[in-house]
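Step one of this worksheet: look at the structure below.
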Amino acid sequence: MAEHRMSRPDRREHLLRTATEILHTNGANALTLVTLAEHAGVSRPVTYDHFGTREGLLLAMYRDYDEHLARAMREARSGAGSLGEAVTAVCAAYVDGMIAAGPDCAEVQAALSGHPETRDFRARSERFYLDELRAAVKPFASASPAVLVGLFSSLDGLASAAATGRIARTKAITAAVKILVSSLDPRADHGGSSSATTSATPSRSSGAGAPVTGSTSATTSSRPSRRES
């Protein structure tokens, strides 16, 4: 089998993108290291070298999604001049990321449900997002760890509802902003920047996409490049 020479990070990117295409087209049951090698045009040892096991591949997809979404949240809040602006930016980025992730992420979560590493990984994933939320509000307000956990749970629930079509995207973002800002600073105007609720964050392509904390959902739209884990 002829293989194009790529750097290791580029090869991993290619494999993750191909894995998401398989997942989206054929479902999680069809995704193995063998089928990944066949679809990616590489030898089987290459996929085993990168991921080790099928569970390792699924966890890598999960981590890749988390890193992409956290980066989108970070970029969205850069330059925020108030608590309302910062919260609106991260809420819009998180909701848009959940919508963009589509049902593929839920499939990966389900496939990992019996894996012993999954519980610890999901806990680390939640801490990952809590760190982003804490960094977003820190210049404007303080909150205890318990409060941040509660606020993130609210955001995650609303984002999941938007991703599954139970509520509109704009309503999910508006409700999340209201909850977060009123909890962090009851005196603040929770309007934030209205543009954040009308413009989507960069969405992921069908060539990416691992799971996410909480319930997930998604799409196969264009996604920014990922970094090597």
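At a Förster distance of 22 Å, what's the computed FRET efficiency of Thr35 paired with Ala110, Cβ-Cβ distance as r, to 0.05?
Using R0 = 22 Å, I get an efficiency of 0.75.
Quick one: what are the phi-derived ³J(HN,Hα) couplings along segment 40-47, Karplus 6.51/-1.76/1.60 with θ = phi - 60°, whole Hz, x for glycine and proline?
For segment 40-47, the Karplus curve yields 7, x, 10, 6, 4, x, 5, 5 Hz.
Under a plain spin-label model, where a point goes 7 Å from the Cα along Cα-to-Cβ, how far apart in nm are Thr53 and Phe128?
Going by the 7 Å Cα→Cβ label model, 1.9 nm.
What is the spin-label model distance, in nm, from Ser144 to Ile167 if the labels are put 7 Å beyond Cα along the C-beta direction?
2.5 nm
How many nm separate the modelled label positions at Lys178 and Glu75, each set 7 Å beyond the Cα in the direction of the Cβ?
Here the answer is 3.0 nm between the modelled labels.
How charged is the neighbourhood of Ile179? Take every other residue with its Cβ under 14 Å from the Cβ of Ile179, and add Lys/Arg as +1 and Asp/Glu as -1.
Spelling it out: positives minus negatives among the neighbours equals 0.
Report Rg(Cα)/(2.2 N^0.38 Å) for segment 8-197, keeping two decimals. Numbers along the way, then the final one.
Details: Rg = 18.3 Å, N = 190, 2.2 N^0.38 = 16.2 Å.
Compactness ratio reported: 1.13.
Read the figures in this text as sums done on the coordinates, not as results from a lab. All values derive from a computational prediction rather than experimental measurement. Reconstructed Cβ throughout: ideal geometry from the backbone, glycine too, with neighbour counts over all protein chains shown.
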